[in-house]
Each structure stands twice: as C-alpha cells, then as structure tokens.
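Just below is one structure, and these are the notes that go with it.
The values are calculated or read from the model by the stated rules, or taken from the named source; none is laboratory data. What you are looking at is a predicted structure, and each value in this text was computed from that prediction instead of being measured. Quick reminder, even Gly has a Cβ in these numbers, built from the backbone with ideal geometry, and neighbours come from all protein chains shown.
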Amino acid sequence: MDQEIRKKLIERLGPVHAHQRIGIEEEATPRVFGGGLNFFHPENWYSLHSALRYILKLSGTYWWGRYNARNIQVRNNDLPIKNLPASFEGFTLLHLSDIHADMDPLATRALAEKIETLEYDICVITGDLRAQTCGPIDAAMREMRRVSSVLHQPVYGVLGNHDSICMLPDLEQMGIQMLLNESLRIERGGASIHLAGIDDAHYFRVDNIEKASREIPQDAPSLLLSHTPEIYRQAAHAGFDAMLCGHTHGGQICLPGGHPLTLDASCPKYMGSGSWHHHTMVGYTSVGAGTSIVEVRINCPPEVTLHRLRNRS
C-alpha cells in the first residue's frame, strides 16, 4: 500500500482501526476457514467458483441464471421511525447493496439504467462493491464510476467483506461519503435525523457501534448502515431505530419460492432478506443488486430498494 494512503487512513480512522483493516488485508491469502463471524467463507474459495459455474452449465441453468441476474427489481419499503420529525415524513432512501460491480459489467450497466430515473432524497450503499475479496481494485472502481455517475447526491456508504480500504479515496472522489464507524446529521425543514455507518463486521470485524453512535443524542431518530445483519443485537440495544444491510444475497441460488440454500450469515433465517425487526429496531436486508461467486441468480432476483420514512407513534 502506498505510504501516503496509509498515512491518510491512519489520520482518518485512527491507528487501531487503520492497522487492523490494513493488516488483515495484507495477509497473504484470505481465509476459507476460520476468522470472521462465520467459520466457512466460500467467497474466498476460488476453485469452488469455477466448479459451481461448471455444474450450473451442465444442468442447463447457467444462462437462465445470468439473465435473471440482469433483471433488477425495484422494491418499495416503509421504515417506521419513532419521533420522526414531520419534515422527514416520506423522506426516501435509495438502498443499494452487494453491487460486486466488476463481476458482470452488463449487469452493472443494467443497474445504472434502472436507478437513473428513480426519485429519492439520499442514496445509501451497504457494501461489497468488488467481485473478489483481494487483489486489484481498478476494475471495480471503473464500474462503480458508471453507477455513481447516475446517482443523485448525497450518497453515503459502508464497506463490506469484499471491499478494500484502498477504495476509500476513489469512492469519495466519486461523491460517495463513506461512514467508517462514523455518523452525521441530515437536516430538513429545521429538523434532523442521524445516519451512522460501521466498517465490515462479517470478515474483517472492525465494526465499532459505540464509536459510530457517539455523536448521536439519546432518543434522536437514527439509522445504521451495516454490510451484514449479523450485528442486529448490538445495533438494537445501542438504540438505533432502523438498520439497513445486505451481504446475504437472499441466498442468490434458491429453491422455488425463494427458499435459500445458504445465507452465509450468522443471523436468524428471517433476517436473510426483506423487512424484519428486533426489539424496537426495524431492519431491512437487501438481497443485493449484484452476484457473488458465480454470476447467476435463481429464484432470487436482484433488487434496489426505495425506503420511505414514516412516523411511528
């Protein structure tokens, strides 16, 4: 890593967070077994990717699955928020997740075309912008420029387990403000809500909810961006009203009816996709706009989501 980038990351994140993130990324090979919240990390087992692609081709489902992966759906969801100011009623967030932008450039182009005409107040991105979990970032950043060019500002994001901390300068040059255990105020009509984001909790385990929520007053309306739903307990007990996340892909390859074969996440199955709640916190797990491991989707179409804030009395 370039020493100037390393220095800037330490200044931005603090020495502990920066050294943890950089150190894990610089390990020779991402782990297939051990580390992270899960013991098994199929995204790091690259020979499995080729084998799965071969099996799908033999079964005759590969090309159908590739077509499905480019057929992006727009979902609509209401987010009930306690004590939501009247000026934020109907405030709309475009939620993108798990773009894996360099996995299939044609799918990324379809994503850009889909979101170009949507109307929303802010955009949030919950991680996994790259296909691989290590190596060069150039292809992913090139495809992300295609996506960012059609997004309305402001745009906020967090990193996922596929993402490198080296992406930070490029993403912020694109106008995507990254929240790495940080928060900010969003103001409208003389009132405000708080948006926080944490760094990846699934593999790198460099999330810090305490740091992310430090500047948020108690009882203030607050939303958390996390790549994975796996920290739902910590988020709920920290007092967040809502959490938006992704990571699971909804299973990506599912049985009829959308029943996932696997979610690759240590959380209840009902949190694997769509709306859910834990105690007083509402959550939404996006099935993602892209694909991982193999560029197909079966019985689980890709999505982007429009969340509309509603007051919860």
Restricting attention to the stretch 171-204, which residues are buried (at least 18 other Cβ atoms within 10 Å of the Cβ) and among the charged types (D, E, K, R)? E182, D199, D200
Residue by residue through the stretch 172-213, note down the ones that are over 15 Å from H17 (Cβ atoms), in a helix (DSSP H, G or I) and either touching a strand residue (DSSP E or B) at 6+ places or on another chain (Cβ under 6 Å) or among the acidic types (D, E) (or both). E172
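Under the condition of being in a helix (DSSP H, G or I) and free of Cβ contacts under 8 Å to residues at least 60 places away in the same chain, which residue from the stretch 144-171 is farthest from H17 (Cα to Cα)?
Pass one, the stretch 144-171, residues in a helix (DSSP H, G or I): 144-148, 165-171.
After this cut, where a residue has to be free of Cβ contacts under 8 Å to residues at least 60 places away in the same chain as well, the list is 144-148, 167, 170-171.
Values: M144: 25, R145: 27, R146: 30, V147: 28, S148: 27, M167: 16, D170: 19, L171: 19 Å.
That would be R146.
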Listed by range, strands (runs of 3 or more DSSP E) wholly within the stretch 56-139 having at least 3 residues that are at pLDDT 95 or above, β-branched (V, I, T) and crowded, with 18+ Cβ neighbours inside 10 Å are 122-126
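Keeping to the stretch 214-235, report how many residues are under 16 Å from the mean Cα position of the chain (by Cα) and part of a helix (DSSP H, G or I). Explain how you work it out, then say what you get.
At the first step, the residues of the stretch 214-235 found to be under 16 Å from the mean Cα position of the chain (by Cα) are 223-232, 235.
Narrowing further to those that are part of a helix (DSSP H, G or I): 229-232, 235.
The total comes to 5.
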Is it the case that the stretch 87-109 has a residue that's out of contact with any Leu (no Cβ under 8 Å at 6 or more places or on another chain) and over 24 Å from I137 (Cβ atoms)? yes
Where the second residue is of a type in the set (V, I, T) and part of a loop (DSSP other than H, G, I, E, B) and the first is under 17 Å from I209 (Cα atoms) and lies in the stretch 1-18, which pairs have Cβ atoms under 7 Å and are six or more apart or on separate chains? H17/V206
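If we scan the stretch 220-238, do we find a residue that is of a type in the set (D, E) and out of contact with any helix residue (DSSP H, G or I) (no Cβ under 9 Å at 6 or more places or on another chain)? Explain how you work it out, then say what you get.
We begin by selecting, within the stretch 220-238, every residue of a type in the set (D, E); these are 230.
Next cut, out of contact with any helix residue (DSSP H, G or I) (no Cβ under 9 Å at 6 or more places or on another chain) only: none.
For the stretch 220-238, residues of a type in the set (D, E) and out of contact with any helix residue (DSSP H, G or I) (no Cβ under 9 Å at 6 or more places or on another chain): absent.
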